[in-house]
1. Among residues belonging to the range 21-50 that are without any contact (Cβ under 8 Å) to a residue 60 or more places away in the chain and part of a helix (DSSP H, G or I), point out the one that is surrounded by the fewest Cβ atoms within 10 Å (Cβ to Cβ).
2. Check the range 54-75 and report whether any residue there is free of Cβ contacts under 8 Å to residues at least 12 places away in the same chain and part of a loop (DSSP other than H, G, I, E, B).
3. Mind listing whichever residues of the range 96-155 are out of contact with any strand residue (DSSP E or B) (no Cβ under 8 Å at 6 or more places or on another chain) and touching a residue at least 60 places away in the same chain (Cβ under 8 Å)?
4. Testing residue 127 on (1) under 19 Å from the mean Cα position of the chain (by Cα); (2) farther than 21 Å from residue 183 by Cα, one condition comes back false. Which one is that?
5. Taking only the range 67-95 into account, find how many residues are more than 18 Å from residue 47 (Cα to Cα) and surrounded by 14 or more Cβ atoms within 10 Å (Cβ to Cβ).
6. Counting only residues that are in a loop (DSSP other than H, G, I, E, B) and in contact with a helix residue (DSSP H, G or I) (Cβ under 8 Å, 6 or more places away or on another chain), which one in the range 92-146 is farthest from residue 29 (Cα to Cα)?
7. Of all residues in the range 159-187 being in a helix (DSSP H, G or I) and over 15 Å from the mean Cα position of the chain (by Cα), which is farthest from residue 106 (Cα to Cα)?
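Values in this text are rule-based calculations from the coordinates and carry no lab data. As the structure is a prediction and not an experimental result, all values here were calculated from the model. Note: ideal-geometry Cβ built from the backbone for every residue, glycine included; neighbour counts use all protein chains shown.
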């Protein structure tokens, strides 16, 4: 069976993939459990797939309009009847800061995904002073983002990876950090 996805030559950058997943959510795709294929040529992330080429072409046109980038294109894949399903988008954690205070919170759709998967989880925004943030960065080094994700969401890193991982979106829309599950090289 042939399926279709939308990508860019050489793969998408983090901010482009954020636009891709936002549009999927806007059109009602459950990004927590969707038909997917590895991004061609990169194996960095999963891409949502359509069974009808016309739907993928419409999605590509909308991405081209929204991003003002005409290089989005439809890519055809040969898929087994039982193709892989799972998360195609990471959880979104937003950072906001003013003065000496940083605030971190989950996007509403990400909150819903965590609560659906782990119903008894309590999710709260986190406020950290600049001094405490710097202390955490020193204490945890490169894994400080994982510690922050744990504080915000509650579930372990393995459980968060099972939901598609996470990305931290800084003020202005820049991606500050991304942690995605590995895609098996056998796919």
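1. The selected residue is 26.
2. Scanning the range 54-75, I find at least one residue that is free of Cβ contacts under 8 Å to residues at least 12 places away in the same chain and part of a loop (DSSP other than H, G, I, E, B), so the answer is yes.
3. Correct list: 116, 117.
4. Against the list (1) under 19 Å from the mean Cα position of the chain (by Cα); (2) farther than 21 Å from residue 183 by Cα, residue 127 comes up short only on (1).
5. Looking only at that region, the number is 3.
6. Filtering the range 92-146 for residues that are in a loop (DSSP other than H, G, I, E, B) and in contact with a helix residue (DSSP H, G or I) (Cβ under 8 Å, 6 or more places away or on another chain), the one farthest from residue 29 (Cα to Cα) comes out as 100.
7. For the range 159-187, the residue satisfying everything is 172.
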